[in-house]
Amino acid sequence: MTETSTATRDRDLAGIRQQVEGERSRLEHELDQTKVEGAGGSGSEAPFHEHPTDHAGEMEEHERQLAIRENLEQMYVQCQDALNRLERGEYGICRSCGKEIDIERLKALPYATKCIPCKEARRD
């Protein structure tokens, strides 16, 4: 890699770091919001004479909120992992083959851990 391309990649990585830090902050806020919303429920159980189907809508909404929170948590972990790899100087290196991940892939998917050929070969 030439000195110019190294400087360009370094600038690109700095921009990606800001992008990931911003995403992590957004996710922290959303996770905090889901805690607040989750705590806002009544928390009381249905009286024993009510049928469980009377609360099916509430149960469905609760399950939907749990799925959203789980997705947010996974995204947060991916952002944190990317930032940790940036700190250690391991960011942008394919975990499968050890080659540099194309900067355009990293810009599009900042938490990518594999280059496109390795990702396509693995299909996971």
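The values are calculated or read from the model by the stated rules, or taken from the named source; none is laboratory data. The shown structure was predicted, so the numbers you read here are calculated from the model rather than taken from an experiment. Every residue, glycine among them, receives a Cβ derived from its backbone with ideal geometry; neighbour counts consider all protein chains shown.
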> Any residue at all in the range 94-101 that is polar (S, T, N, Q) and modelled with pLDDT of 90 or more?
Replying inline: yes
>> So, in the range 97-121, exactly how many residues are among the aliphatic types (A, V, I, L, M), under 16 Å from residue 18 (Cα atoms) and not in a helix (DSSP H, G or I)?
In response: 2
>> So, in the range 82-124, exactly how many residues are over 19 Å from residue 11 (Cβ atoms), surrounded by 15 or more Cβ atoms within 10 Å (Cβ to Cβ) and not hydrophobic (A, V, I, L, M, F, W, C)?
In response: 4
>> Between a residue in the range 59-86 that is farther than 15 Å from residue 18 by Cα and any residue that is surrounded by 12 or more Cβ atoms within 10 Å (Cβ to Cβ) and small (Gly, Ala, Ser), which pairs come within a Cβ distance under 7 Å, given they are 6 or more apart or on different chains?
In response: 65/38
